[in-house]
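For reference, the structure is listed below as structure tokens.
The values are calculated or read from the model by the stated rules, or taken from the named source; none is laboratory data. Worth saying up front: this structure is predicted, and the values here are computed from it rather than measured. Cβ atoms come from the backbone with ideal geometry, glycine included; neighbour counts cover every protein chain shown. Quick note on the areas: whole protein, heavy atoms, side chains included, nothing else; ligands and nucleic acids left out. Shrake-Rupley method; radii C 1.70, N 1.55, O 1.52, S 1.80 Å.
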Amino acid sequence: MNDQMLESMFGKFGKVFQPNEVLFCEYEPGNDFYLIKEGKVKITKTIGTSIKTLDVLEAGDILGEMAILEEQPRSATAIAVTEVKALNFNRANFEMLMTKNPALAMKLLHIFSFRIYDQKRRLMILLMDDIVGKVCDVFVMLYEKQYNNDVYNEIILSATVDDIANWCAQPVGEVQKVLMQYVKTGKLDLYPDKIVIHNISDFQRIVNQKRKPT
């Protein structure tokens, strides 16, 4: 979706949020979604007695789309990190866009398909019982996204310790301990901006052992 298209639509569908302003809250009813034009939005979720940051979204990302697709309460809270300019769509104007602007509709549906996969994959990680299983499943998830299951031995994941912790919704220090254990056993090498996994199959086996049958 190009900048010119977004700019032309902002006058009609645009909203501006200031830093720390809430776009929507977990559990509240939702009938609209946002496409970020500028800025960053933090997605948080209540897990047990803690509030965990699940993701930080940037320009081009969408959020809140499940309200349109499934008519369910919000599954997370969205908070502006910086000033945010976003396009706001509800069910009525989304249906209008679908019929009057097929090119835009196809772009949004393409984004939806990736976002739905990401949400379901993240839920699978969060449902793991222990932090080791969560970390291993993040490795497998990133492998699936970067390599499409085409490489079976050494892989390089473009991720930091903070990234892994965010996907796990676990403290960075605890995730660091798990990673260092795997460094000590020679299963991975840890760098500031990447993680080298020597045999992804090792981690796939751990995930299969720890994942609850559905």
Task: Which labelled figure in (i) 1.01; (ii) 1.09; (iii) 0.93 is Rg/Rh (Cα atoms, Kirkwood Rh), once derived from the coordinates - done: (i)
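If you roll a 1.4 angstrom probe over the protein chains with everything in place, what fraction of the accessible area of the stretch 31-82 belongs to carbon and sulfur, to the nearest %? Don't jump to the answer; show the numbers that get you there.
Numbers: 1100 of 2330 Å².
Looking at the stretch 31-82 in its full context, I get 47 percent from C and S.
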TODO: Choose one answer from ASP137, ASP163, ASP202: the residue with the largest mean-square fluctuation in a GNM of the chain with alpha-carbon springs under 10 Å.
DONE: ASP202
Open item on the list: Report the Cα-based extents of the stretch 1-119 along its three principal axes, largest first, to the nearest Å.
Closed with: 45, 29, 22
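Percent of accessible area on the stretch 86-214 owned by carbon and sulfur, 1.4 Å probe? Could the numbers behind the result be given before it?
On the way: 3900 of 7030 Å².
So the carbon and sulfur contribution to the accessible surface is 55 percent.
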Task: Residue among GLY64, GLY173, GLY11 with the largest mean-square fluctuation in a Gaussian network model of the chain, springs linking Cα atoms under 10 Å - done: GLY11
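Take the cross-link list LYS145/LYS194; LYS12/LYS52; LYS52/LYS210; LYS145/LYS187; LYS15/LYS40; LYS42/LYS134 and give me the ones stretching past 25 Å between alpha-carbons.
On the way: LYS145/LYS194 15 Å; LYS12/LYS52 34 Å; LYS52/LYS210 22 Å; LYS145/LYS187 20 Å; LYS15/LYS40 14 Å; LYS42/LYS134 21 Å.
In this structure, LYS12/LYS52 exceed 25 Å between Cα atoms.
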Task: Estimated inter-spin distance, MET180 and LEU109, nm [label 7 Å along Cα→Cβ] - done: 5.0 nm
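If packing is taken as the mean number of other Cβ atoms within 10 Å per residue, what is the order of 99-107, 127-135, highest first?
Numbers: 99-107: 12.0, 127-135: 17.3.
In descending order of packing, they fall as 127-135, 99-107.
Averaged per residue, what accessible area in Å² does the stretch 41-166 show with a 1.4 Å probe, protein chains only?
Working: 6230 Å² over 126 residues.
Computed with neighbouring chains in place, this is 49 Å² per residue.
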Open item on the list: Distance between the C-alpha centers of the stretch 13-30 and the stretch 59-94? Whole Å please.
Closed with: 8 Å
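At 222 nm, what helix-only mean residue ellipticity would the chain give, in deg cm²/dmol to the nearest 500, using -39500 (n - 2.57) for each DSSP H run of four or more? Don't skip to the end; give the middle numbers.
Details: 8 runs with 100 residues, N = 214.
Counting only the DSSP helices, I get -14500 deg cm²/dmol.
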- [ ] Considering the options ILE47, ILE155, MET66, tell which one lies farthest towards the positive end of the dipole of the chain, charges being +1 on Lys and Arg and -1 on Asp and Glu at the Cβ, about the Cα centre.
- [x] ILE47
Open item on the list: Along its three principal axes, how long is the stretch 53-175 when you only count alpha carbons? Whole Å, largest extent first please.
Closed with: 47, 33, 27
TODO: Calculate how steeply helix 102-126 sits against the longest principal axis of the alpha-carbon atoms of the chain, using the helix alpha-carbon long axis, and give the answer as 0 to 90 degrees to the nearest 10.
DONE: 40 degrees
